[in-house]
Amino acid sequence: MLAARVALRLGTLDLDVTIDAAPGEIVAVLGPNGAGKSTFLRAVAGLVPLDRGRVEVDAVVLEDVALRIHLPPERRPIGVVFQDYLLFPHLSALENVAFGLRARGVAARDARVRAGSWLDRLGLSEHANARPGALSGGQAQKVALARALAIDPRVLLLDEPLAALDASARGSVRRDLKRHLASFAGVRIVITHDPLEALALADRLVILEGGRVIQTGSPAAVTQRPRSRYIADLVGVNLLRGTSAAGQVAVAGGASLQSADAVDGEVFAVIHPRAVALHRARPEGSPRNVWRGRTSALDYQGDRVRVGVEGEMPIIAEVTPAAVRELDLAEGGEIWVSVKATEITVYPA
Amino acid sequence: MRSERPPALFVALAAVGVAFFVLPLVGLVSRASWQTALGDLTSPEALTALRLSLVVSLAATALALLLGVPLAWIYARVPFRGRDVIRALTTLPMILPPVVGGVALLFAFGRRGLVGQALDAMFGIRIPFTTAGAILAATFVAMPFLVLTVESGLRSMDRRYEDAARTLGAGRWLVFRRVTLPLIAPSVFAGAVLCWARALGEFGATITFAGNLPGTTQTLPLAVYIALETRPEVAIMLSLVLLGVSLFILIAMRDRYLRGV
């Protein structure tokens with residue numbers, strides 16, 4: 001079990017994050033660059049001292065600012081797979097894996113045997129004597145994983161474990177990583193800026209932005225009800241924030257939307273771009289939400305086109321290339337927008 | 001690199017510049033009496049100087065490593081007030097006239113020097129005009145080369161490797177020994193070689209502080225200087241030995257010094 005409250009200032013970063021993780025849980029900490037993800041990891045590992053807070057693993061206090069406890073990194077039961085893996089270039093794969101055991105006082109022969117069996121388990125026995133420079137990205141990642149696990153940690157931290165790989169290798173390495181992570185019983189925390197990686201690996205997402213936790217929950221919950229522009233953009237939906245009363249959502253900027261969801265108070269409203277209809281003239285009929293705008297950008301994505309519409313309520317619509325021709329869409333042209341009330345998901349902010 | 005047709009004036013001046021360096025070497029080689037080379041090099045005074053130079057330069061390099069690597073580590077890793085001033089002081093011997101260094105050493109470690117007086121009074125240790133003095137003089141002028149090279153190696157290494165080692169359970173000393181030192185080994189080696197070469201060629205501080213006693217403080221450069229008066233053919237052969245060593249080091253470290261940026 002990991003219970004961490006990490007609060008510190010480092011340069012322009014003001015980090016104050018609390019993350020608890022149960023044994024066996026895989027938590028992905030997801031956020032844009034500069035959100036403080038790596039600093040959080042380094043703080044939990046003991047590489048950066050806290051200004052305030054406390055880090056506890058399995059009821060053992062590793063750090064507590066108020067109690068002036070700070071265990072150095074070498075005495076924490078935490079394994080780290082660093083970004084770029086950081087395999088020691090002057091040591092072989094086997095010596096890299098044996099390093100932690102040797103540092104913990106295991107005899108040389110014994111450490112080699114145990115390191116060898118770790119490499120075996122990860123299918124790397126024939127690369128035991130290879131220098132890191134001779135390993136592929138995927139192999140290096142496995143050696144880094146073996147090195148971190150060989151010290152038998154209670155918590156495993158992985159910092160952007162796939163970022164150093166080519167796009168072509170990422171899929172298979174991710175599947176392998178998921179399998180190997182599953183065989184580790186402790187807490188696993190994956191730091192990433194890649195939503196795909198987070199969704200594929202984690203039981204739970206923690207969204208970090210500007211040094212704060214914006215949202216936490218299952219991948220499904222987070223993607224269905226995003227609470228930040230960052231996640232909305234990652235998922236590709238329109239996210240609006242406003243005040244709701246009796247199905248009427250007053251959005252920042254003065255516009256108003258009608259929704260079928262009855263939630264009152266401060267709310268988020270999510271509209272999928274597919275649910276946004278575009279018209280040359282003011283549409284007749286049932287849509288409750290109709291407004292006028294100007295197309296600002298046309299973004300072709302395969303068989304779909306994302307159309308940015310500016311106006312009193314900026315929004316992104318997704319249409320087919322055929323619709324672009326029919327509507328004679330051009331950047332800067334005037335256009336009508338409609339969204340059915342039932343297509344707007346509203347939930348408390 | 002874009003190649004360009006050089007102005008004639010530049011070509012002429014550059015050629016003079018090259019000749020200025022090459023002619024002395026040609027002069028040295030042309031005056032060497034190869035028939036007696038072996039005999040000159042194995043003459044007692046030459047052998048004594050060779051042996052002494054080896055001892056002095058290697059001891060100076062060892063001393064520089066012992067004191068210089070920790071010093072470089074502190075310069076690279078520990079910000080403290082006055083660091084730049086102290087670094088400047090320890091770098092000074094690189095550009096200080098060696099004879100001034102020798103005089104300064106005399107006033108520190110000489111019989112009436114700051115420390116020398118106490119050493120003499122308390123332990124009966126006298127450093128000037130001993131081999132130990134020659135070693136100190138060589139270390140004084142040569143150590144800055146090692147310190148600066150190792151410091152730049154430490155600054156350019158990726159410190160995240162040390163973080164990785166610590167999370168694996170290594171304390172600071174183990175990290176230094178098994179991660180930092182191997183990673184900066186090329187810099188330590190280069191620094192040691194430069195330091196050794198400088199120590200081998202040391203003249204001014206040595207003759208001032210340690211004197212010119214055959215077998216005790218008369219190193220190769222001093223022997224060359226003395227032999228020039230009495231046995232020029234020996235002086236030439238010893239000079240060629242020093243030249244060969246320098247050339248060898250330059251070629252061995254060509255990545256550092258022979259390639260243009």
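The values are calculated or read from the model by the stated rules, or taken from the named source; none is laboratory data. All values derive from a computational prediction rather than experimental measurement. Cβ coordinates were reconstructed from backbone atoms using ideal geometry, including for glycine residues, and neighbour counts include every protein chain displayed. Ligands, DNA and RNA are excluded from the accessible area calculation, which covers all protein heavy atoms including side chains. Shrake-Rupley method; radii C 1.70, N 1.55, O 1.52, S 1.80 Å.
Listing for the model above:
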{"item": "Residue under evaluation A:PRO89, criteria (1) within 12 Å of another protein chain (Cβ to nearest Cβ); (2) surrounded by 15 or more Cβ atoms within 10 Å (Cβ to Cβ); (3) more than 17 Å from A:VAL206 (Cβ to Cβ), criterion not met", "result": "(2)"}
{"item": "Residue list for region B:150-179, restricted to those being more than 7 Å from every other protein chain (Cβ to nearest Cβ) and in contact with an Asp or Glu (Cβ under 6 Å, 6 or more places away or on another chain)", "result": "B:VAL175"}
{"item": "Among the candidates A:LEU157, A:LEU149, residue that is open to solvent by less than 10 Å² (accessible area, probe 1.4 Å) and within 21 Å of A:ALA182 (Cβ to Cβ)", "result": "A:LEU157"}
{"item": "Unique match (being assigned to a loop (DSSP other than H, G, I, E, B) and at pLDDT below 95) among B:LEU194, B:LEU213, B:LEU238, B:LEU242", "result": "B:LEU213"}
{"item": "Identity of the residue in region B:180-198, within 14 Å of chain A (Cβ to nearest Cβ) and either in contact with a Lys or Arg (Cβ under 8 Å, 6 or more places away or on another chain) or open to solvent by less than 10 Å² (accessible area, probe 1.4 Å) (or both), that ends up farthest from B:VAL100 (Cα to Cα)", "result": "B:THR180"}
{"item": "Single residue of region A:178-213 satisfying the filter (among the charged types (D, E, K, R) and assigned to a strand (DSSP E or B)) that is least open to solvent (accessible area, probe 1.4 Å)", "result": "A:ARG188"}
{"item": "Residue match in region A:59-79 (condition: farther than 21 Å from A:ARG104 by Cα, open to solvent by 10 Å² or more (accessible area, probe 1.4 Å), β-branched (Val, Ile, Thr) and within 14 Å of another protein chain (Cβ to nearest Cβ))", "result": "no"}
{"item": "Sole exception among (1) of a type in the set (D, E, K, R); (2) outside any loop (DSSP other than H, G, I, E, B); (3) over 25 Å from A:VAL222 (Cβ atoms); (4) within 14 Å of chain B (Cβ to nearest Cβ) for A:ARG42, by number", "result": "(3)"}
{"item": "Answer residue from region A:29-58, given it is within 18 Å of the chain's Cα centre (by Cα) and open to solvent by 10 Å² or more (accessible area, probe 1.4 Å) and is nearest to A:ARG147 (Cα to Cα) among those", "result": "A:ARG42"}
{"item": "Matching entry among A:PRO72, A:PRO23, A:PRO32 (being out of contact with any Pro (no Cβ under 7 Å at 6 or more places or on another chain), free of Cβ contacts under 8 Å to residues at least 60 places away in the same chain and not hydrophobic (A, V, I, L, M, F, W, C))", "result": "A:PRO72"}
{"item": "Test result for A:GLY332, outside any strand (DSSP E or B) and either open to solvent by 50 Å² or more (accessible area, probe 1.4 Å) or assigned by TED's automatic domain parsing to the domain that holds A:ALA200 (or both)", "result": "no"}
{"item": "Filter result (in a helix (DSSP H, G or I) and not aromatic (Phe, Trp, Tyr)) within region A:214-244", "result": "A:PRO219, A:ALA220, A:ALA221, A:VAL222, A:THR223, A:GLN224, A:ARG229, A:ILE231, A:ALA232, A:ASP233, A:LEU234, A:VAL235"}
{"item": "Considering residues of region A:266-293 that are more than 14 Å from A:ILE344 (Cβ to Cβ) and either touching a strand residue (DSSP E or B) at 6+ places or on another chain (Cβ under 6 Å) or among the acidic types (Asp, Glu) (or both) only, the residue most open to solvent (accessible area, probe 1.4 Å)", "result": "A:GLU284"}
{"item": "Residue count, region A:263-317 (criterion: without any contact (Cβ under 8 Å) to a residue 12 or more places away in the chain, acidic (Asp, Glu) and either outside the structural domain of A:ALA252 (by TED's automatic domain parsing) or not in a loop (DSSP other than H, G, I, E, B) (or both))", "result": "1"}
{"item": "Filter result for the condition that a residue is away from every other protein chain (no Cβ under 14 Å), open to solvent by less than 30 Å² (accessible area, probe 1.4 Å) and either touching a Phe, Trp or Tyr at 6+ places or on another chain (Cβ under 7 Å) or in contact (Cβ under 8 Å) with a residue 40 or more places away in the chain (or both), over B:GLY201, B:GLY215, B:GLY211", "result": "B:GLY211"}
{"item": "Condition met for B:LEU9 (without any contact (Cβ under 8 Å) to a residue 60 or more places away in the chain, open to solvent by 40 Å² or more (accessible area, probe 1.4 Å) and closer than 17 Å to B:SER239 by Cβ)", "result": "no"}
{"item": "Test result for B:GLY113, within 30 Å of A:ARG76 (Cβ to Cβ) and either open to solvent by less than 10 Å² (accessible area, probe 1.4 Å) or among the hydroxyl-bearing types (Ser, Thr, Tyr) (or both)", "result": "no"}
{"item": "Qualifying residue in region A:97-109 (condition: away from chain B (no Cβ under 14 Å) and assigned to a helix (DSSP H, G or I))", "result": "yes"}
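Okay, residues lined up against (1) under 30 Å from B:LEU154 (Cα atoms); (2) under 25 Å from the mean Cα position of the chain (by Cα):
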{"site": "B:SER3", "(1), (2)": "no, no"}
{"site": "B:PHE21", "(1), (2)": "no, yes"}
{"site": "B:ALA37", "(1), (2)": "no, no"}
{"site": "B:ILE74", "(1), (2)": "yes, yes"}
